[in-house]
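A.B. asks: My questions will all concern the structure given below.
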Amino acid sequence: MTKNILITGATSGIGKATAIRLAEEGNNLILCGRRAEKLEELKTSLSKKVKVETLIFDVRDRNDVEKHINSLSPEFKEIDVLINNAGNAHGFSPINEGELDDWDAMIDGNVKGLLYVSKAIIPQMVKRRTGHIINISSVAGKQTYENGAVYCASKKAVEAISEGMRLDLTKHKIKVTNIAPGAVETEFSEVRFKGDKDKAKMVYDGYEPLIAEDLADLIHYVVHLPERVTLADVTLYASAQSSPTTIHR
Ligand code: NDP
Ligand code: 8X3
């Protein structure tokens, strides 16, 4: 059955790869992000296979989130699967040297943004007694590491929200899946290191990290499980990684 699937953070990395993978099954896609040209590019290529709508908004702007999700055409309005993927780390420094703007960006984007998008979509899922929410957390949400206190805190919040959503929404027949990836080579580290490509590259040096398509395959699997099955929580590591801070290079 064709599903309406909304993906936040579809302009790059995991979100983009997931859109491409899910288009293979003929699902209708609502692709969200801030970089309009990247969304348009993806829309042009995927529209050959499936119906695609794009929404350009910053998840941190609660009014904009609501306005854009409410603006969806009737065909796309009933969302079957929400993939809360938008998020980033900003900075990598001890707590005594952290930047307030970076902390705001992580807490407002990774936590409050996820909540704003969910709030705009959950009521119609409850009303229809169906739906699936997939939250992209991180191994940073399982274990805190040095120089990552606030990013880790934001992902621990995602873990708690996933648990809370599952407790509150299962009675409404809404599934909730929490996915915690380890290191995935995307634009993530370039954003974390504020455009420093050399520093970003070092994160993935000397081993084979996950690629966005690995996550897309997992999400594709999770979305297409039978109605009776919920994959509640999954951690995905590269084979060279054994904890958030242990990578065999
Ligand atoms: P990318 O940097 O490649 O992608 C991040 C996506 O999030 C982009 O599409 C970006 O879109 C979107 N985004 C970020 N901030 C906002 C915002 N304020 N409003 C709207 N969209 C936003 O990184 P990944 O694909 O790796 O990251 C996807 C998710 O996976 C994130 O939640 C990240 O924390 C998580 N993750 C990543 C890991 C990794 O090692 N890469 C490991 C564990 C978890 P745009 O800039 O166009 O708005
Ligand atoms: C991204 C993975 O280890 O850089 O969430 O925090 S890590």
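The values are calculated or read from the model by the stated rules, or taken from the named source; none is laboratory data. Here the structure is a predicted model, which is why all the values come from computation and not from measurement. Heads up, the Cβs are rebuilt from the backbone with ideal geometry, glycines too, and the neighbour counts pull from every protein chain shown.
A.B. asks: Please find, among ILE134, ILE121, the residue that is away from ligand 1 (no atom under 12 Å from the Cβ), under 24 Å from LEU225 (Cα atoms) and not in a loop (DSSP other than H, G, I, E, B).
C.D. replies: One residue alone meets the criteria, ILE121.
A.B. asks: Where in the range 171-249 are there helices (runs of 4 or more DSSP H), lying wholly inside it, with at least 2 residues that are in contact with a Leu (Cβ under 8 Å, 6 or more places away or on another chain), buried (at least 19 other Cβ atoms within 10 Å of the Cβ) and modelled with pLDDT of 95 or more?
C.D. replies: 212-223
A.B. asks: Within the range 158-170, which residues are surrounded by 18 or more Cβ atoms within 10 Å (Cβ to Cβ) and either of a type in the set (Asp, Glu) or within 13 Å of GLY131 (Cβ to Cβ) (or both)?
C.D. replies: Answer for the range 158-170, where residues must be surrounded by 18 or more Cβ atoms within 10 Å (Cβ to Cβ) and either of a type in the set (Asp, Glu) or within 13 Å of GLY131 (Cβ to Cβ) (or both): GLU159, MET165, ARG166, LEU169.
A.B. asks: For the range 144-161, give me the residue count where each residue is touching a Phe, Trp or Tyr at 6+ places or on another chain (Cβ under 6 Å) and more than 13 Å from ligand 1 (Cβ to nearest atom).
C.D. replies: Qualifying residue count, the range 144-161: 1.
A.B. asks: Only one of ASP80, ASP108, ASP101, ASP64 is of a type in the set (D, E, K, R) and surrounded by fewer than 15 Cβ atoms within 10 Å (Cβ to Cβ). Can you tell me which?
C.D. replies: ASP101
A.B. asks: May I ask you to list pairs of residues, at least six apart or on different chains, whose Cβ atoms are under 6 Å apart, with the first in the range 104-130 being of a type in the set (S, T, N, Q) and the second being surrounded by 22 or more Cβ atoms within 10 Å (Cβ to Cβ)?
C.D. replies: ASN110/GLY87; ASN110/SER154
A.B. asks: Filter the range 134-184 down to the residues that are in contact with a Cys (Cβ under 9 Å, 6 or more places away or on another chain) and of a type in the set (Phe, Trp, Tyr) and list them by number.
C.D. replies: Residue satisfying the conditions is TYR145 alone.
A.B. asks: Next up: Just to check your reading of the model, which residue among SER93, SER73 is surrounded by fewer than 21 Cβ atoms within 10 Å (Cβ to Cβ), of a type in the set (Ser, Thr, Tyr) and touching a residue at least 24 places away in the same chain (Cβ under 8 Å)?
C.D. replies: So the residue among SER93, SER73 that is surrounded by fewer than 21 Cβ atoms within 10 Å (Cβ to Cβ), of a type in the set (Ser, Thr, Tyr) and touching a residue at least 24 places away in the same chain (Cβ under 8 Å) is SER93.
A.B. asks: Looking at ASN135, ASN147, which is the one that is on the phi > 0 side of the Ramachandran plot and within 16 Å of ligand 2 (Cβ to nearest atom)?
C.D. replies: Only one candidate qualifies: ASN147.
A.B. asks: Hey, does the range 2-9 have a residue that's at pLDDT below 95 and either in contact with a Gly (Cβ under 8 Å, 6 or more places away or on another chain) or within 16 Å of ligand 2 (Cβ to nearest atom) (or both)?
C.D. replies: Checking the range 2-9: at least one residue is at pLDDT below 95 and either in contact with a Gly (Cβ under 8 Å, 6 or more places away or on another chain) or within 16 Å of ligand 2 (Cβ to nearest atom) (or both).
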